[in-house]
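The values are calculated or read from the model by the stated rules, or taken from the named source; none is laboratory data. As the structure is a computational prediction, the values presented were derived from the model and not from experiment. Every residue, glycine as well, gets a Cβ built from its backbone with ideal geometry; the counts of neighbours run over all protein chains shown. Ligands, DNA and RNA are excluded from the accessible area calculation, which covers all protein heavy atoms including side chains. Shrake-Rupley method; radii C 1.70, N 1.55, O 1.52, S 1.80 Å.
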Amino acid sequence: MSPAERSELLQGTLELLVLKTLSLEPMHGWGISQRIQQMSSDVFQVPQGSLYPALVRMKQRGWIRSEWRITEHNRRARYYLLTAAGERQLKSERGAWDRSSAAVNRVLGWQGGLA
Amino acid sequence: MSIWSEVLERMRSLVQRRREERELADEVAFHLMMETQKNEAAGLSAQEARRVARLRLGGEEQVKQDVRRQRGFLWLDHAVRDVEHAWRTMVRGPVVAVVVILSLGVGIGVNTAIFSWIQAVVFRPLPGVRAANGFYFIEPRSVAEAAQGSGGHGGALRSTRVMDPGNYVGVSWLEYNDLRERLSAIRDAVAFRAAVLNVGAAESARRTYAQLVSGNFFLELELKPAGGRFFLPEEVAAGSSAPVVVISHGFWQTQLGGSASAVGSILRVNDRELTIVGIAPRNFQGTVLALDFDLWVPATLAPTLLGSRELAERRARDYAMLARLRAGTTAAQAQAELNTAMKELAQRYPATNANVQADLLSFWQAPRGPQKFLARALVVLQSVLLLLLVAVCANTANLVLARASARQREIAVRQALGASRARIIALLLTENLLMAVLGALLGAGIAAWGTNALRDVPFIDAFPIRFQTDLDGISLLFAMMLGLLCGLAAGIAPALQLARGDRQLALRTSTRSIERSRMRGKLMAVEVAVALVVLMAAGLFLQSFGETRDTDPGFQRKGVLLAAYDFSERESSALSAREFMAALLERLRAQAGVQSAAIARSVPLDIHGLPVRSFTLEGHARADAAPDLALRNTVTPGYFQTMGIPILTGQDFADLSDVTSAPQVIVNQEFVREYLGAGEPLGRRIRTDGQSYQIVAVVRNSLYDSFGERPKPIIYYSLRDRPAGGGEIHLRTVVGSELALAASVRGIVRTLDPSIVLYDVRTLEQHVDKNLFLRRVPARMFVVLGPLLLVLAAIGIYAVVAFAVSRRTAEIGLRLAVGASPREVVLQIMRETLRVVSYGALAGWLVAFLVYIHVAVGRPLDPRILFGVPALLLSVASIACWIPARRAARIDPTIALNSD
């Protein structure tokens, strides 16, 4: 299995999580992976190898942009920022996610019968 | 988000690749650092923390690669990087790169130069004519001899004779018109023949090369006049009262000063007034390859201008016929029609056409003239040069292999870091291709120079030769293709071998490998073999050229002055032709310094050839009623003495003033052999043109049309019996003082008749040289190529030895340290190298020898070529080997032992 395929499995979800993370504050790649892990209470182990290609992909689509900043520990790091297009994308993906997860929940919560 | 902005973003990142590459590295490094710190904080040792961090990321290179793949068009990205890397490698080892680029450049350059010539000769044979390749020659072929033997016209017979120039007899004007009517598979055909016309007033006439052409000539060639117009139908009708001429662009510029009023003005040609109706396009130079004609005159003017009966004479096969196929028809169809038409003509005109067939030949297959010579020579040359390029490729492969062996470790490291085999091969190939492309660029430059240099080779002055060869897009494409092919050919083997290599082994061991040095040895041997074959071929070529120069033509070419005169067009002359000749010869013979003098209608080894005419031999009945054919020349008594052709039996022609003797002919040995057999030749009678002639002498064979021809039968007629108003004066004098006689000859002619122009004054030797001029082109090329090849072989050997020695520095140091003398070291290196070189030389020599005995049948083997060339090559090889070996032997042992 090639690396590209491996990242493909999580692609949609990973992108949504990254968008969400960046909507809170600009963050560098390592920070994004840590933040997702924290926010999901360690449920999601972000596949770090897939993160960077995903960032590039999202950048190419214009959802995020990047700039070099100095971290609180006085180190240079590439920070990613959400663009306006990224915010729209987050909203629409979020809506889609909510609808589909609600639907999945309803399917899972189904007790039988034809109400 | 449109696809375009995404593409744009990708392109941008491609452009800023270098910066992004750095940033990516920083980003990944930052990530690893943070992850490592986190792991350390969790209690792991520094080393372990780092390892786990890496593990989680999934490998730095892997991530980078994934990002790159996402970011750009990966292959393009790779390609750019490979080229950069290749450039850096090249710059780091400039000597190898320079050698490779130079040798490839030279190899590609000479090939491209010849290719551009082949293109001009084969693909664009008619400058200025767009559809030149569509044209076919329609060439009648006499099959009298073949029919005698088998009685049939079998296909096998034809195919074996098809390239025999002796049998192509030319087209007569009437035949041209007959065929034009009968062939529906071709578009209208054109006919033309060369003629030399005198332009200007009689006293200052200039000899000008002209083509007598059919009326549709310009129309069918689809030419557009540079000024004026071409012929009108009424102007080309026989007996037209409005004689016209079309002039070349060059003639217009040089002779008429490019005057705007040139069209419509009168040009005096052979004492007739012709109206200039048009100017041919600038590029157009006529329909004979390389010859530059200045005038085009309707053939229907031939009787007026030349007083010739060629328009009504089926025996006068002086024309060539060119035709294009009609759309939708094939050459095979046209040939079938041609066969039918020729059969019909044979039945209708048995006297002239009984055993004449015809072939449809592509322009480059022209059975005579410059096309034939040049096309063949160029094809031979191109094959030799491609062989040379193979040698260069072997050379390059060798150098690349030598250098790449040194990089085995680098490659192993790359492989260990996860580079795929394909990537490694691509990387190595890129280096070769980069060098090959640079070589091709250099080659294109050399070709541009070479093409022009060859074109400017000074041929005979006063002979209108013009080559319009140019380095065009196709030639450049050819150069590039050669370059890429060379790059691949020279690179693929080493690249495969290296990529296949065992990386574990390579990482651990030193770089020397026996297998690889064997491969290098093989390539070196191949190179030497090829170089030897080409060198020996060059030697053969030069030898045959030299032989041609030294061949005994059967007459003595030194010490003869030639001068032409022609008053045949004039209706009234103070003297009859016979009286004029007698008076002229009498005065010439009285001239101091003249040993003998004669007049002849034709000079042998003329670029236009001697006419072939039919005759019947009395008492020699032919089964098939086919005419016997022989060359014809018409001469005065004293001709054989002047030319130095021995009369074997019988006596020279009767004196011009003799009115009692019967008409006489003299034949050559070949004539006797072919037509008379063992019978007594003297006294036999020949009939031709309704007249009977008696054979009075047999002379020795000599050359008539070209060097290397088989002996041909010839009949010499006497100008006493067939007087003519034009001829070539032949004067024998002391060798070296020929041209000193020119002034007195002019004076003598002037006193006889001031209106007669003497032209084309030259020595017989100069005349013969004209015939050789086309052979000079390839001979000249070989003179240049031979040394070049030697240098290439030397460079190859030098580079290989130098490299091998440098790889063995430690070993040599050790030998020196344990007491070997530098001399012994040098000898050992040379022994090893020269052994391989000798294997190659032996193989090449065997091939060359086989070719040689095949080509040079019946000729003495020339030891200079058989042994001298290999000896030369081996000495050069020894020097090329000795220089780096000696340098190696001077190494300071302590330095040597510490290296590697």
Need one value for B:49-56: mean number of C-beta atoms belonging to other chains within 10 Å of its residues' C-beta atoms. 1
Expressed in nanometres to one decimal, the distance between label points 7 Å along Cα→Cβ at residue B:348 and residue B:92 is 8.1
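Let me check something: with ligands and nucleic acids excluded, how do B:689, B:188 order by accessible area (1.4 Å probe), largest to smallest?
Working: B:689 90, B:188 55 Å².
Ranked list, largest accessible area first: B:689, B:188.
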Okay, which of region B:668-700 sit inside 12 Å, backbone N to the point 7 Å along the Cα-Cβ direction of residue B:618? B:683-688, B:691-695
Summed for both chains, how many Å² of accessible area, to the nearest 100, are buried between A and B with a 1.4 Å probe? 2500
Tell me, what is the 1.4 Å probe accessible area of residue B:865, in Å² to the nearest 10? 10
Which value in nm describes the separation of the simple spin-label points at residue A:106 and residue B:182, placed 7 Å from the Cα toward the beta carbon? 9.5
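Can you give the FRET efficiency to the nearest 0.05 for residue B:331 and residue B:853, using r as the Cβ-Cβ distance and R₀ = 25 Å? Intermediate values should be presented prior to the final figure.
On the way: r = 37 Å, r/R0 = 1.49.
For R0 = 25 Å, the calculated efficiency reads 0.10.
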Over 30 Å (Cα to Cα) - which of B:712/B:770; B:224/B:770; B:343/B:770; B:224/B:343 fall in this group: B:224/B:770; B:343/B:770; B:224/B:343
Within 10 Å of each Cβ of B:876-885, how many other protein chain Cβ atoms are there on average? 0
Run the numbers on region A:42-82: which residues show a drop of 40 Å² or more in accessible area, chain on its own versus all protein chains together, using a 1.4 Å probe over heavy atoms? A:48, A:49, A:52, A:53, A:56, A:60, A:61, A:68, A:75, A:78
Give me the accessible area of residue B:891, 1.4 Å probe, in Å² rounded to the nearest 10. 40
Are there any trypsin sites (Lys or Arg not before Pro) in region A:17-100 that are in a DSSP loop and have at most 14 other Cβ atoms within 10 Å? List them by number. A:75
